[in-house]
Amino acid sequence: MAKKPRAVTESGDAPPEEASEGVPEKGGEPDRDDHIPPGWEKNPASWGERLPIVGLALMGFGVAMYLSLYQWEVVDRIWEPFFSDTGWNGESEKILRGSSVSKKTMRWFGVPDGFLGAVGYFVDAVTGAVGSTKRWKKMPWIVIVFGLAVGPLGFVSIMLVVSQPVLFNSFCTLCLSSAVISVAMIGPAMDEMLASLQYMKRVRDSGGSVWRRFWGLAD
């Protein structure tokens, strides 16, 4: 049987009902030529968006590991260019080794809070690097994990910065640097997670399997 020709308008374009972009048919994948989510001007999963986050996460990992080594007393001195007369230790020592937060973290978890931060940054780097530029719709689960890893870490960093002058009457330069890194990562990570959540909503509205699509499986 001959295939029925596709109707076109006078301009040669497909009619609106056939040219709608980004709406899956019965849970199917939208037929798009690019990787940009519907309604977006850029792809939040592009390498140009993700590589800076991965780079920041690796920087944060290095800073946090250095802090944790000082808290473990593997290294004797911590760099402190602003809140010390000698350029070392100073007020950082009070926060990293003498604060109630660091002592309770060691007692409850057996590791310093700096190491927990390093683990968080490592998870950020890995989940930021995994997947293609289509992962907002091909691997929603990794995008959600990425967003959940970046968001809480940034919130904790902000709270630690606020607590330094209020609770300890001291500042730690590298702690502040770590907080800045965490906050800088939040915006791009949340953009990609929003694109994935919007995609999952379109799948649900079209009658597709949200559970299967969440794990990157076809209906």
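The values are calculated or read from the model by the stated rules, or taken from the named source; none is laboratory data. These figures come from a predicted structure and were not determined experimentally. Note: ideal-geometry Cβ built from the backbone for every residue, glycine included; neighbour counts use all protein chains shown.
Data overview
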quantity: Condition check for Trp108: out of contact with any Pro (no Cβ under 7 Å at 6 or more places or on another chain), of a type outside the set (Asp, Glu) and either farther than 18 Å from Leu167 by Cβ or surrounded by 13 or more Cβ atoms within 10 Å (Cβ to Cβ) (or both); calculated: no
quantity: Cβ pairs under 8 Å, 6+ apart, first in region 44-72 and touching a residue at least 24 places away in the same chain (Cβ under 8 Å) and outside any helix (DSSP H, G or I), second surrounded by 21 or more Cβ atoms within 10 Å (Cβ to Cβ) and among the charged types (D, E, K, R); calculated: Pro44/Glu192; Ala45/Arg135; Ala45/Glu192
quantity: Helices (runs of 4 or more DSSP H) enclosed by region 136-219 - at least 1 residues per element that are under 30 Å from Ser84 (Cβ atoms) and of a type outside the set (S, T, N, Q); calculated: 140-163, 173-205
quantity: Residue count, region 90-122 (criterion: farther than 19 Å from Leu153 by Cβ and hydrophobic (A, V, I, L, M, F, W, C)); calculated: 1
quantity: Phe155, sole failed condition from (1) surrounded by 14 or more Cβ atoms within 10 Å (Cβ to Cβ); (2) closer than 24 Å to Gln71 by Cα; (3) not small (Gly, Ala, Ser); calculated: (1)
quantity: In region 121-137, the residues that are surrounded by fewer than 23 Cβ atoms within 10 Å (Cβ to Cβ) and closer than 16 Å to Ala64 by Cβ; calculated: Phe122, Val123, Ala125, Val126
quantity: Residue within region 12-33 that is touching a Phe, Trp or Tyr at 6+ places or on another chain (Cβ under 8 Å) and either in a loop (DSSP other than H, G, I, E, B) or at pLDDT below 60 (or both) present; calculated: no
quantity: Residue within region 51-60 that is of a type outside the set (Val, Ile, Thr), more than 17 Å from the chain's Cα centre (by Cα) and over 23 Å from Arg204 (Cα atoms) present; calculated: no
quantity: Odd one out for Trp211 among (1) over 24 Å from Leu56 (Cβ atoms); (2) surrounded by 15 or more Cβ atoms within 10 Å (Cβ to Cβ); calculated: (2)
quantity: Looking only at region 88-105, and only at residues there that are at pLDDT 90 or above and among the small types (Gly, Ala, Ser), the one that is surrounded by the most Cβ atoms within 10 Å (Cβ to Cβ); calculated: Ser92
